[in-house]
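The values are calculated or read from the model by the stated rules, or taken from the named source; none is laboratory data. Keep in mind that this is a model prediction, so the values were computed, not measured. All Cβ positions, even for glycine, are placed from backbone atoms using ideal geometry, and neighbour counts span all protein chains on display. Heavy atoms of the whole protein, side chains included, go into the accessibility calculation; ligands, DNA and RNA do not. Shrake-Rupley method; radii C 1.70, N 1.55, O 1.52, S 1.80 Å.
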Amino acid sequence: MTVLRATARPTLAVVGATGAVGTVMLQILSQRADVWGEIRLIASPRSAGRKLAVRGELVEVAALTEEAFDGVDVAMFDVPDEVAERWAPIAAARGAVVVDNSGAFRMDPEVPLVVPEVNPHAVRARPRGIVSNPNCTTLSMIVALGALHAEFGLRELVVSSYQAVSGAGRAGVEALRQQLSLVAGTELGTSPGDVRRAVGDLRGPFPEPVALNVVPWAGSLREDGWSSEEMKVRDESRKILGLPKLPVAVTCVRVPVVTVHSLTVHARFQDEVTVDRAREILATAPGVVLCDNPAAGEFPTPADVVGTDPTWVGRVRRALDDPTALELFVCGDNLRKGAALNTVQIAELVAAEPS
Ligand SMILES: NC(=O)c1ccc[n+]([C@@H]2O[C@H](COP(=O)([O-])OP(=O)(O)OC[C@H]3O[C@@H](n4cnc5c(N)ncnc54)[C@H](OP(=O)(O)O)[C@@H]3O)[C@@H](O)[C@H]2O)c1
């Protein structure tokens, strides 16, 4: 296991500092209690020399090289899978503890997959010197589910996601922005193909237009018609909760929201559950906000949740035909808790370890 060098304040590297997640990470580092000494910003050679603000100072971005990790204690990676796959082991070999946001190592049995509110103890068992951060869709629900599981014992999950375009990075946000400008002001949605014609080839990272639309697809094709995103939600939920055989059915859907993933969750537990107890648990769980008063029109929506840290839960109901199951509507900012914040929290756990 890689342990931190015995320095007073650890040196942190943010790899992918210029991306959608990296940008939010710099904001979060500027807002939280500062436990870091030097913060080094790293991206591709395209961005080398750019200056980005963190902790009220402008810091120059360095290109990703082996030497960039010299003296680094913790390196947070917010880069595409293939870049993390190649460079995270290099950073670890040079002595940094890597906290990786990509999908490259999440299911590696020698890499813990950590959500500080759910399984913080797992962070210490990191034989490769790498800790993984879960996928944003899993993270948008798992803090609330972890709290309910601790009391009721989870037995099955059925989940549908309503995923924001920023889950596909800067390219996803840009695609929705351009598509919205193309469809604005025209009469659309009245005949097949009119949205598609207006958007033309500007699909960005999505298989269909996402403006004025709902796309039942996220990620790449896996066996038997499942998407990679759906498999991630199943596999990662099992690993984080320590339930390797948990039945999980997932359908991932992209919606024209910039940031905040929403999910409907049907969670079945070991024994009967009551809504009152579930609400008590959710109201007091760290990192969860209960927002559930439909009579007053109160439930979480992405427009209210964006930019916030917690997992928001509303529409808490007992399943109509199963006293052991709950129905929930959950929202979480995919760039904050869904990516940057959880990574920063893991990095802080590492920084707090006795040297
Ligand atoms: N978006 C989300 O909601 C979300 C949530 C959880 C996890 N993630 C994961 O987090 C990672 C980053 O996602 P993102 O959405 O921030 O992507 P993004 O907006 O496309 O940003 C990618 C970042 O990686 C850098 N990069 C790309 N190729 C590189 C290379 N060859 N060498 C060094 N740096 C390179 C880019 O630098 P340049 O600017 O110099 O190109 C940029 O900083 C991905 O693995 C993604 O799956 C994303």
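The table below lists the values:
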| quantity | calculated |
| --- | --- |
| Area accessible to solvent at Lys51, 1.4 Å probe radius, in Å² | 120 Å² |
| Cβ-based net charge around Arg124, under 15 Å, with every Lys or Arg adding one and every Asp or Glu removing one | -1 |
| Part-to-part distance (alpha-carbon centres) for segment 15-92 and segment 227-263, which is given in Å | 27 Å |
| Heavy-atom accessible area order for Ser140, Ser181, Ser44, largest first, 1.4 Å probe | Ser181, Ser44, Ser140 |
| Choice from Val111, Val21, Val98 with maximal GNM fluctuation in the chain (Cα, 10 Å cutoff) | Val111 |
| Loop-exposed GluC sites (Glu not before Pro) per DSSP, neighbour cap 12 Cβ within 10 angstrom, longest uninterrupted part of the chain | 1-109 |
| For segment 316-333, Karplus couplings with θ = phi - 60° (6.51, -1.76, 1.60), whole Hz, Gly/Pro x | 6, 9, 7, 4, 4, 10, 8, x, 9, 10, 10, 10, 9, 10, 10, 10, x, 5 |
| Accessible area of His149 in the full protein assembly, 1.4 Å probe (Å², nearest 10) | 40 Å² |
| Using θ = phi - 60° and Karplus 6.51 cos²θ - 1.76 cosθ + 1.60, couplings along segment 175-181 (whole Hz; Gly, Pro as x) | 4, 5, 4, 5, 5, 5, 5 |
| List Trp312, Trp87, Trp36, ordered by accessible area with a 1.4 Å probe, largest first | Trp312, Trp87, Trp36 |
| Using θ = phi - 60° and Karplus 6.51 cos²θ - 1.76 cosθ + 1.60, couplings along segment 229-240 (whole Hz; Gly, Pro as x) | 5, 5, 5, 4, 4, 5, 5, 6, 4, 4, 5, 5 |
| Cα Rg, Dmax, segment 22-104, angstrom units | 12.4, 32 |
| Selected from Gly19, Gly56, Gly153 as most flexible by GNM, with the chain as the system and alpha-carbon contacts under 10 Å | Gly56 |
